[in-house]
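To keep things clear, I will list the structure first and then write my remarks on it.
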Amino acid sequence: MNPFDAGFVLQLPSNLNKESTMPTSAAANPTANFATIHTVEVDGVKLFYREAGPADAPVLLLLHGFPTSSLMFRELMPRLASRYRVIAPDLPGFGFTEVPAERKYHYTFDSLATTINAFVEKLGLTRYAIYVFDYGAPTGLRLALAHPERITAIVSQNGNAYEEGLGEEAWNPVQKYWRQPTQENRDALRAFLTLDAIRWQYTQGVPDPARVAPETYTLDAALVARPGNAEIQLDLFGNYATNVALYPEFQRYFRERKPPTLAIWGKHDPFFIPPGAEAFRRDNPNATVTLLDTGHFALETHVDEIAAAIDRFLGRVVA
């Protein structure tokens, strides 16, 4: 269902005209590299995605998390597009990707990975780095397990793969639902889907919440509130347990393949806490860890720092 069918219109102002602190080698003029928007049919889904950068440049696949969409990369993409082909799809159940009812889609992380793998193959991407955030981590790491030869590097921005990275207090209600999948415990998770809760995810741990653009959490909340979407999100909350079960496999991949990895995290994230970032170094000597003074949605406050770090990292390990 397209939200604009119901007359919902939200004009998103951009502050991309602010002066960038990115090195000129990465993006001399971020405003010259705006992303274009596209839709492609894959796996029975009308997948929406944003793309920027030269078609023959090294590819960086950007995978968002809950409750957002490719919109979270709106300021990062122009800052990298002069040197990389940056591609950001909306996962099924999020953003502007449309899943026909007759598709009878099962909203699991295995399904998300299957759809994104079909998207990657549709675009003919045979070698690419992944930027994984939140739900994007178990989705992208499933791609890495299935096709390790395709992954050139990993950027994990609050994208967890270790049990010690799960913030105990934030995850307690979800873990209770894993242990006891009753209707009562499922309904308790609806509190995560409100505008106030989504705003809190954006602003918690941010030293200056005024730096977080209100259109972000407002659009997220509007899209989550579409008819039927709450049940999709509750299904994914329950299915997240399968990601934790896969953590040992992800860690084995890190040890055996040693992909160049940059773990760059907002250190005040209540959901994915700093020990999850530090743990990457335990299994992978090629992992670099950087902690930023911000929360879960680190791009909202530290896009220049993250873009510069990615450019240095990819320039070293991919080029």
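Every number in this text was worked out from the coordinates using simple rules, so none of it is lab data. In this text, all values refer to a predicted model and were calculated from it rather than measured experimentally. For neighbour counting, all protein chains shown are included, and Cβ atoms are generated from backbone atoms with ideal geometry for every residue, glycine included.
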Requested in this report: Name the long-range amide H neighbours of Ser156: under 5 Å, sequence gap of 5 or more, or other chain; modelled H, no Pro or chain starts.
Outcome: Val132, Leu262, Ala263, Ile264
Report summary line: Quick shape summary for the chain, equivalent ellipsoid via Cα gyration tensor, semi-axes whole Å in descending order, reads 26, 23, 21
Query raised in the report: Which of Gln201, Gln251, Gln183 moves most in a GNM of the chain, Cα contacts under 10 Å?
Result: Gln183
Requested in this report: Return the lysines within reach of Lys122: Cα separation strictly under 18 angstrom, same-chain partners fewer than 8 residues apart disregarded; answer none if there are no such residues.
Outcome: Lys46
Report task. Work out how much length Arg190 to Ala222 would gain on full extension: take 0.36 nm times their residue separation and subtract the Cα-Cα distance, in nm to one decimal. Result -> 10.1 nm
Report summary line: Checked against the positive end of the charge dipole of the chain (+1 on Cβ of Lys and Arg, -1 on Cβ of Asp and Glu, about the Cα centre), the farthest of Tyr253, Pro100, Ala137 is Tyr253
Query - Calculated on alpha-carbon atoms, Rg and Dmax of the range 213-285 in Å - result: 16.5, 46
Query raised in the report: If we count chymotrypsin sites (Phe, Trp or Tyr not before Pro) as exposed when they sit in a DSSP loop and have at most 16 other beta carbons within 10 Å, what is the longest stretch of the chain that avoids them all?
Result: 35-319
Query - Per-selection metrics, the range 187-244 (Cα): Rg and Dmax in Å - result: 12.9, 36
Query raised in the report: Where is the GNM fluctuation largest for the chain (alpha-carbon springs, 10 angstrom cutoff): Glu98, Glu215, Glu51?
Result: Glu215
**Report entry** Amide proton proximity set for Arg85, modelled H, under 5 Å, gap of 5+
**Finding:** Ala57, Val59, Leu60
Query raised in the report: log10 I(q)/I(0), Debye, Cα-only the range 147-299, no solvent, q = 0.13, 0.14, 0.18, 0.19 Å⁻¹?
Result: -0.69, -0.80, -1.18, -1.24
